[in-house]
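The values are calculated or read from the model by the stated rules, or taken from the named source; none is laboratory data. Quantities reported herein were computed from a predicted structural model and do not represent experimental measurements. In this analysis, Cβ positions are derived from the backbone assuming ideal geometry, glycine residues included, and neighbour counts consider all displayed protein chains. Only protein heavy atoms, including side chains, enter the accessible area calculation; ligands, DNA and RNA are left aside. Shrake-Rupley method; radii C 1.70, N 1.55, O 1.52, S 1.80 Å.
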Amino acid sequence: MTSPETDERKNRIPPEQIVAVPVRHPGRWVAAAALLVLAAMLVNSLVTNPAWSWDVVWQFLFSDRVLKGLWVTIELTLLAMVIGVVLGIVVAVMRLSRNPIVSTIAWLYAWFFRGTPVLVQVIFWSYIAVLYPTLSLGIPFGPEFVYFDSNLLIPIFAGAVLGFGLNEAAYMSEIVRAGILSVDQGQTEAAEALGMTRLKILRRIVLPQAMRVIIPPTGNETISMLKTTSLASVIAVGDLFTQVQLIYGGNLKYVPLLVVASIWYLVLTSLLSIAQYFIERRYSRGAIPARQGGFLGFGRPKSGLA
Amino acid sequence: MTEPTITPMVKSEGVHKYFGRLEVLKGIDLEVMPGEVMCVIGPSGSGKSTFLRCINHLEKLTAGKLWVDGELVGYRQKGDKLHELRDNEVAAKRREIGMVFQRFNLFPHMTVCENVMEAPIQVKGVAKAKARERALALLERVGLADKPKAYPRELSGGQQQRVAIARALAMDPKLMLFDEPTSALDPELVGEVLAVMRQLAEDGMTMVVVTHEMGFAKEVGDSLVFMDGGVVVEQGSPRDVISNPQHERTKAFLGKVLT
């Protein structure tokens, strides 16, 4: 298709581009130089100060005990986040329920679990057998059918998972609620007008759109959870931080072992950031390409005003 | 029921609607017959959109009664008592009523084709392949056969609104409600949406159209209703109402619109 208009465009002489001397930014050079000097000093001290004992770091970085602890940390984080996200969605939906009792219970849940220290909750769940030596199934206030020994039903590890998970659910419920509320009311109306039921509207229309708002803070929460699990060292669950503590308790090499733990936490959080990038991309289908920052949000955002 | 009369598609008797203490509808009595295209005009805040939303129970009536195809909207009558319908019963009734919104309200996370397929699959349990086939046919009908894989934000307003019409038609409604379908469009895109609506009217669809498009009301509408302040001020054939309005308020409104 060559309309006269496109012909005209082809034959047009391109306009003469502006050639000008760009503005100089001496301040940027000074700042960059100063920061480079500081960075060089830091690297120098890391290499030359013997107190860092890099040989010890290297010796323990891939030791069996550290790797075992690392695995426990990963398990703890994933399980706690699964509980947190699933229960968080449930609590958020309850919070938005039209039934006042249901929404009040959801509010109370968030109030309690956000209002008490996570450390207390973890210890509480791990030692619940002290409070309730047996747990049973039966009719409320009536006969009971099955008995469990609490110590067997909820071992220390499960207690830690519950403690972190239930606490996380309280935070996640607020994140999910914000996500749900961010979806335009017209979406629900359109789906209602098509004859969809409330649950279907939530699952097919509202939640997928809420995901765009929910995922970034959930990534934050996961990264935060990864490090919060180090609190589990107080109940000797055997996570990364517990193992490191046990090792330096024996050989008194505090600094290198804390470096070992930090390296692994950094590696894991980096991996989580990468995962978050891909999940975010998956759920931005059909959305305006919002930020055009670089991979993982690093790099300069390209100006949208150009 | 031995009467030979045809059941009206929409019948409203003394419909009132309050938002808190604000009375938005002050007793609406209307009838829309099958195959009729009724256009509703009036200044903003006159209650015309609210009335439209009452028809498919997006708004609950405060008083009065509304029937769609002879069935009470939102309630079941047992003896002289009204029982509220359950959510899924209300949803079931809405399947038969298509609605097109001023701001399109397409599902942005789905492609055009998925938008049209969604309700038949999720609500009626139509097989995916069949739903897709039907969706493509409907998209062709609204002139968008080449866009099934596009996302809504990649389309112009007029195209989006035509997808919204196809989405509503996918449920095979017996009644279509249009809530100012062209008000959010750039002027040059209004025509393409009106053309689709005109075709729909010619195919015999029963339509209630809240609009500011006097040309459309005059040419396509079978009846015209002028609402103001929550009441029906005047109704009749579009030509009569537009060219020979009886009430001062109608004259004043038309004087502002038809310039």
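Brief remarks on what is shown
- Here the spin labels are modelled as points 7 Å beyond Cα on the Cα-Cβ line, and at B:R153 and A:L135 they lie 4.4 nm apart.
- Heavy-atom accessible surface of A:H25, to the nearest 10 Å², is about 80 Å², with a 1.4 Å probe and all protein chains retained.
- Among A:V161, B:V231, the sequence by solvent-accessible area, most first, with a 1.4 Å probe is B:V231, A:V161.
- At least 40 Å² of accessible area lost relative to the chain alone, listed for the range B:148-174 with a 1.4 Å probe: B:Y151, B:R153
- Calculated FRET value between B:V231 and A:H25, using beta carbons and R₀ = 60 Å, to 0.05: 0.30
- Cross-link pairs B:K218/B:K256; B:K26/B:K48; B:K65/B:K218; B:K65/B:K93 - those with Cα-Cα distance over 22 Å: B:K65/B:K218
- Taking every protein chain into account, the 1.4 Å probe leaves A:W264 with about 40 Å² of accessible area, to the nearest ten.
- Sequence-distant residues sharing a close amide H with B:G236 (under 5 Å, placed H): B:L224
- The protein assembly as shown - share of DSSP beta bridges that are antiparallel (%, nearest 5): 65 percent
- GNM top mover of A:N49, A:N11, A:N99 - chain A, alpha-carbon springs below 10 Å: A:N11
- Three-way shape label, the range B:108-172, alpha-carbon gyration tensor, a/c 1.5: prolate
- At 0.890 mPa s and 25 °C, Stokes D of the protein assembly as shown from Kirkwood alpha-carbon radius, µm² per second: 83 µm²/s
- The B and A chains share an interface that buries close to 2200 Å² of accessible area, total over both sides, probe 1.4 Å.
- Think of chain B as having a plus end and a minus end, set by charges on the Cβ of Lys, Arg, Asp and Glu; of B:G47, B:N244, B:M117, B:M117 sits farthest toward the positive end of this dipole.
- Probe 1.4 Å - accessible area at A:S97, Å² to nearest ten: 40 Å²
- With helices as the sole contributors, the protein assembly as shown gives -16500 deg cm²/dmol at 222 nm; each DSSP H run of n ≥ 4 counts as -39500 (n - 2.57), and the sum is divided by every residue.
- Distance between the C-alpha centres of the range A:160-230 and the range A:89-117: 14 Å, rounded to the whole angstrom.
- A:V47, A:V19, B:V126, B:V10, reordered so the largest accessible area comes first (probe 1.4 Å): A:V19, A:V47, B:V126, B:V10
- DSSP-assigned coil residues among trypsin sites (Lys or Arg not before Pro) in the range A:61-166, each with at most 11 further Cβ atoms within 10 Å: A:R98
- Accessible surface, 1.4 Å probe, highest first, among residues A:Y283, A:Y127: A:Y127, A:Y283
- Average accessible surface for chain A: 64 Å² per residue, computed with a 1.4 Å probe over protein heavy atoms with every protein chain in place.
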